[in-house]
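This report refers to the structure that appears directly beneath it.
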Amino acid sequence: MANESATITVMKMAARKASIRLKRDYGEVGHLLISKKGPGDFVTAADVRTEKILREELGKARPDFGFLMEESGEIRGNDYNRRWIVDPIDGTTNFIHGLAHFSICIALEEYGQVTAGLIFDPINEELFWAEKGTGAYLNDQRVRVSSQQNLKNSIFATGIPFGNNLSKIEQNDFLQKMQGVMSASAGIRRFGSASLDLAYVAAGRFEGYWENKLNLWDIAAGILIVREAGGIVTDLYGKDYMATNGSIIAANPSLHKPLLDLVKLKV
Ligand code: IPD
Ligand code: CA
Ligand code: CA
């Protein structure tokens, strides 16, 4: 049984509370009020409602902390050095298509460092979480990245660009890179939730994952969870910090470099 801090307990309680309504909304997905945010990227009433519950619950427990939330943006707290980074539904397109693969994501950032992260898949009751320095967990079980060393036996997840989120040149570059990974590996998966892609790398289900054009709320929790599970995470230039350019590659230590060699972006 994992030893957990009061902070992660607060995060788990908030996520579980928000998930009750979210699951009901998912059951009624056809009736939800849907408004378009941009091609391939929708906001549903459920996103807004889930975010509101998370904000209330986290705010009640830690009234001074600020927020960075996908739907509400930046909300300054009295404590300038601590904020919750929240994606209320990561995998909204899956959600509105009735595909049971989405999550609630919460990360705590303190003095610019993520110190706790949680990714909750409410349909499968899988709660991935980590605190800095204490390992990564799926529910109460410790998780580790896969020990596979061979590209040809490995599967990798990615986010295939959609709509106009990449230019034609970037799309072609992506296709070329995907072809390299296709030929070298046992296959590529596109599941539609960046956070769960990272959580699955942490749990050893995928050997690695790469994607471009993400936001901090998609990856903040997952970066910590993968690292605490023994994985390596960098941006697609091979550098340490992904939050500034929104590109990410996460993999087990044996396969991070081989995968990066195949998908690296030019500086
Ligand atoms: C999206 C998902 C998806 C990724 C997109 C994200 P959202 O988040 O994580 O897998 O490919 O780039 O925007 O919109 O469902 O919160
Ligand atoms: Ca997201
Ligand atoms: Ca979202």
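Determine, yes or no, whether Ile188 is farther than 28 Å from Gly112 by Cα, away from ligand 2 (no atom under 16 Å from the Cβ) and hydrophobic (A, V, I, L, M, F, W, C).
In short, yes.
If only one of Thr134, Thr93, Thr115 is within 16 Å of the chain's Cα centre (by Cα), surrounded by fewer than 18 Cβ atoms within 10 Å (Cβ to Cβ) and not assigned by TED's automatic domain parsing to the domain that holds Leu224, which one is it? Give the steps one after another, and end with the answer.
Working: Thr134 fails: within 16 Å of the chain's Cα centre (by Cα); Thr115 fails: surrounded by fewer than 18 Cβ atoms within 10 Å (Cβ to Cβ).
The match here is Thr93.
For the range 69-77, check the following and say yes or no: at least one residue is within 14 Å of the chain's Cα centre (by Cα) and within 16 Å of ligand 3 (Cβ to nearest atom).
Quick first cut of the range 69-77, residues within 14 Å of the chain's Cα centre (by Cα) only: 69-70.
Adding the requirement that they be within 16 Å of ligand 3 (Cβ to nearest atom) leaves 69-70.
So far as the range 69-77 goes, yes, one or more of its residues are within 14 Å of the chain's Cα centre (by Cα) and within 16 Å of ligand 3 (Cβ to nearest atom).
What residue, of Gly73, Gly159, is free of Cβ contacts under 8 Å to residues at least 60 places away in the same chain and surrounded by 19 or more Cβ atoms within 10 Å (Cβ to Cβ)? Outline the logic, then answer.
Details: Gly73 fails: surrounded by 19 or more Cβ atoms within 10 Å (Cβ to Cβ).
One residue alone meets the criteria, Gly159.
Being within 16 Å of ligand 3 (Cβ to nearest atom), of a type outside the set (S, T, N, Q) and within 22 Å of Gly208 (Cα to Cα) is the requirement here; does Leu175 meet it? Full working, then the answer.
Values: within 16 Å of ligand 3 (Cβ to nearest atom): no; of a type outside the set (S, T, N, Q): yes; within 22 Å of Gly208 (Cα to Cα): yes.
In short, no.
Look through the range 212-249, keep the residues that are part of a helix (DSSP H, G or I) and out of contact with any helix residue (DSSP H, G or I) (no Cβ under 8 Å at 6 or more places or on another chain), and return whichever of them is nearest to Ser146 (Cα to Cα). I'd like the intermediate steps shown before the answer.
Taking the range 212-249 as the starting set, the residues that turn out to be part of a helix (DSSP H, G or I) are 216-228.
This time we only want the ones that are out of contact with any helix residue (DSSP H, G or I) (no Cβ under 8 Å at 6 or more places or on another chain), so: 216-217, 220, 224, 227.
On the way: Leu216: 25, Trp217: 25, Ala220: 21, Leu224: 16, Arg227: 13 Å.
The qualifying residue nearest to Ser146 (Cα to Cα) is Arg227.
If you scan the range 180-205, which residues turn out to be closer than 20 Å to Phe162 by Cβ and either touching a residue at least 60 places away in the same chain (Cβ under 8 Å) or in a loop (DSSP other than H, G, I, E, B) (or both)?
Hits for the range 180-205 are Val181, Arg190, Phe191, Gly192, Ser193, Ala194, Ser195, Leu196, Leu198.
Each row is one residue, and each column tells you yes or no for (1) within 16 Å of ligand 2 (Cβ to nearest atom); (2) crowded, with 22+ Cβ neighbours inside 10 Å.
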site	(1), (2)
Ala199	yes, yes
Phe206	no, yes
Lys213	yes, no
Gly231	no, yes
Thr244	no, no
Ser247	yes, no
Pro253	no, no
Leu259	no, yes
Val267	no, no
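Quick one: which residue in Ala100, Ala18, Ala46 is at pLDDT below 95 and in a helix (DSSP H, G or I)?
Working: Ala100 fails: in a helix (DSSP H, G or I); Ala18 fails: at pLDDT below 95.
Unique residue meeting the criteria: Ala46.
The values are calculated or read from the model by the stated rules, or taken from the named source; none is laboratory data. All values reported here derive from a predicted model rather than from experimental measurement. Glycine also receives a Cβ, built like all others from the backbone with ideal geometry; neighbour counts cover every protein chain displayed.
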